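Trainee: The structure is given below, and queries will be raised subsequently.
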Amino acid sequence: MFSKIVDIMTSLSDIKDNSIIAISGFNMATTPEYLILELYRQHNEQGHPKNIFIISDALPAVAGRGLDRVAESLYKHPNQEFLRGTLMPFLGFSPWLQKMVTDNRIECYGWPIGITAYWFREIGCGRPGLLTKIGVDTFLDPRKDGAALNESAKRNASCKVSVLDIGGVDYLLYQAPKPEFALIRASIADENGNLSLQDEGLRGTVLSIAQAAKARPQQGTVISQVRWITKSGAINPRDVDIPGPLVNYVIVAPKEYHWQSGTIEYDPRISYKVIPSMTHKLLEDFLPR
């Protein structure tokens, strides 16, 4: 019953060199910061895993935290071997990841957030990628840049965009390596690995990322950090966001690595545990000054 609730080293021990890792997170919302930092610490201590490729549908970072904190350390090591590349729709919160990309230190691809979010869903359904008209005749089109953000990405082409003619209309097929591992985050896990995001500020694509990693025929590994563990059956079934069969390992994260956003550790209003009162706002708007 308790096999999924493990220590941090056990949860990350299966991640090998050259792994494809999907990571949830928008700003620090749903970002598994503890898992990210511990994975990098493991690399520094053991030399492994190395040459990993990270896929996210937004950016699991803010300046100085999450993936940006890792990128700062990597940037200061000219021969870093930890990170090979990323598919990252948004780099705006991470100045150090931006430097890694602009200096051609890693390969990087920039699909739109919506495209990447839907791509996870398509992979979770067992499809080869996302087919859409979005991006035709833009920098996403392979007849232009093919979404490559630097020369390293153009050279390696780990993520591909192809043009398909369907009934005389051009469509784009977005393809990237299927995640072998998913690092995600929830608020609470029960003893069977069922996850609830009830204290998070948003749910994002955490479920789709888990589904993409677990999709057959090559089922991957899903690792989640949470703040709390509860007994089996204690989570209302309607509050279960990620079913236990999709989760391999659960670890409990310290609160300093589990903030609701880049500036807020916890505010019950963000997760609608408390509904903010509009009384003061109404008085300001309608009472004479």
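Trainee: Looking only at helices (runs of 4 or more DSSP H) that fall completely inside region 66-153, which ones have 3 or more residues that are touching a residue at least 60 places away in the same chain (Cβ under 8 Å)?
Mentor: Qualifying helices (runs of 4 or more DSSP H): 113-124.
Trainee: Those residues that are in a strand (DSSP E or B) and touching a Ser or Thr at 6+ places or on another chain (Cβ under 8 Å), I need them from region 154-189; list them, please.
Mentor: If the condition is that a residue be in a strand (DSSP E or B) and touching a Ser or Thr at 6+ places or on another chain (Cβ under 8 Å), then 171, 172, 173, 174, 175, 181, 182, 183, 184, 185, 188, 189 are the ones that fit.
Trainee: Looking at this structure, is residue 137 acidic (Asp, Glu) and on the phi > 0 side of the Ramachandran plot?
Mentor: Here the answer is yes, as residue 137 does meet what is asked.
Trainee: Scan region 81-103 residue by residue and report those that are more than 18 Å from residue 23 (Cβ to Cβ) and open to solvent by less than 60 Å² (accessible area, probe 1.4 Å).
Mentor: 95, the sole residue that qualifies.
Trainee: For region 246-276: of the residues being part of a loop (DSSP other than H, G, I, E, B) and among the aromatic types (Phe, Trp, Tyr), which is modelled with the highest pLDDT?
Mentor: Here the residue is 259.
Trainee: Would you point out the residue of region 154-197, among those that are in contact with a helix residue (DSSP H, G or I) (Cβ under 6 Å, 6 or more places away or on another chain) and of a type in the set (Ser, Thr, Tyr), that is farthest from residue 56 (Cα to Cα)?
Mentor: It comes out as 196.
Trainee: What residue, among those in region 164-186 that are crowded, with 20+ Cβ neighbours inside 10 Å and farther than 14 Å from residue 54 by Cα, is farthest from the chain's Cα centre (by Cα)?
Mentor: It comes out as 172.
Trainee: Kindly indicate whether residue 73 is in contact with an Asp or Glu (Cβ under 6 Å, 6 or more places away or on another chain) and under 23 Å from residue 15 (Cβ atoms).
Mentor: no
Trainee: Which one is farthest from residue 86 (Cα to Cα), of the residues in region 1-28 that are open to solvent by less than 10 Å² (accessible area, probe 1.4 Å) and aliphatic (A, V, I, L, M)?
Mentor: The extreme case among them is 12.
Trainee: Which of the residues spanning region 190-231 are among the polar types (S, T, N, Q), closer than 21 Å to residue 122 by Cβ and part of a loop (DSSP other than H, G, I, E, B)?
Mentor: 205, 218, 219
The values are calculated or read from the model by the stated rules, or taken from the named source; none is laboratory data. Predicted, not measured: the structure shown is a model, and the values here were computed from it. Here Cβ is always computed from backbone atoms with ideal geometry, including for glycine, and neighbour counts include all displayed protein chains. For accessibility, only protein heavy atoms count, side chains too; no ligands or nucleic acids. Shrake-Rupley method; radii C 1.70, N 1.55, O 1.52, S 1.80 Å.
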